[in-house]
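Some notes on the structure that comes next.
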Amino acid sequence: MTWNTKETNTHTVFVYGTLRAGGSNAFRMKGASFIGPGRATGSLYRVDWYPGAIFARDVVTEIMGELYEVSTGHLQELDAFEGEEYRRVNILVTTEQGEVFATVWEYRRPTETLEQLMSGDWLEEYRP
C-alpha cells in the first residue's frame, strides 16, 4: 500500500520520538492527519531528552512510530524544528496494511557515544 503525496500537496511522515502522540512535542503534529502506527528498521539512540535514529534495512531492530499526513507548509515547519542534527530521508515503513514510503528525520551526527535503545520504542523508554 502506498500513499500518493505529489498530487495532493501532502506528505506522509513517520515520527518515532517526541513528535509521537504522548511525546513532549506531540503538539507540533496538530493539524496533521493521523494514519496509524508503523515500524521501520534501524537503530534508535538517546541523544539527550530526545531520540535520534539511523535507518538501515540490514539492522534487526524495529523502530516504533506513527504515520501522519502533513501539508507542505507543515513539513517545512517540521524541518525547521528538527534542525541541522537531522536530515530528511524517505524510508519504507511497515504498517498493518503493508509497506509504505514515508519521510522521516534521520539523525546525522556520530552515534558511537550514545545509548542505543534496543526496544526501538522511545516512548516506552523515556515517556515524558
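With respect to residue 10, determine if the residue is modelled with pLDDT under 95 and of a type in the set (Ser, Thr, Tyr).
So residue 10 passes the test.
Kindly evaluate residue 22 against the criterion of being among the small types (Gly, Ala, Ser), within 15 Å of the chain's Cα centre (by Cα) and under 19 Å from residue 124 (Cβ atoms).
yes
Restricting to the stretch 29-67, name every residue that is basic (Lys, Arg) and surrounded by 12 or more Cβ atoms within 10 Å (Cβ to Cβ).
The answer is 39, 46.
Being more than 13 Å from residue 121 (Cβ to Cβ) and part of a strand (DSSP E or B) is the filter here; which residues of the stretch 46-67 pass it?
Matches in the stretch 46-67: 52, 54, 55, 67.
On the given criteria, is residue 101 more than 23 Å from residue 125 (Cα to Cα) and among the aromatic types (Phe, Trp, Tyr)?
So residue 101 passes the test.
Of all residues in the stretch 107-128 being assigned to a helix (DSSP H, G or I) and open to solvent by 50 Å² or more (accessible area, probe 1.4 Å), which is farthest from residue 20 (Cα to Cα)?
125
Just to verify a result, which residue in the stretch 11-28, among those that are open to solvent by 10 Å² or more (accessible area, probe 1.4 Å) and either touching a His at 6+ places or on another chain (Cβ under 9 Å) or of a type in the set (Lys, Arg) (or both), is farthest from residue 96 (Cα to Cα)?
28
Only one of 104, 100, 70, 89 is part of a strand (DSSP E or B) and surrounded by fewer than 16 Cβ atoms within 10 Å (Cβ to Cβ). Can you tell me which?
Answer to the check: 89.
The values are calculated or read from the model by the stated rules, or taken from the named source; none is laboratory data. Treat the numbers as computed from the prediction; the structure is a model and nothing was measured. So basically every Cβ, Gly included, is an ideal-geometry build from the backbone, and we count neighbours across all protein chains shown. Note: accessible area is taken over every heavy atom of the protein model, side chains too, but ligands, DNA and RNA are not part of it. Shrake-Rupley method; radii C 1.70, N 1.55, O 1.52, S 1.80 Å.
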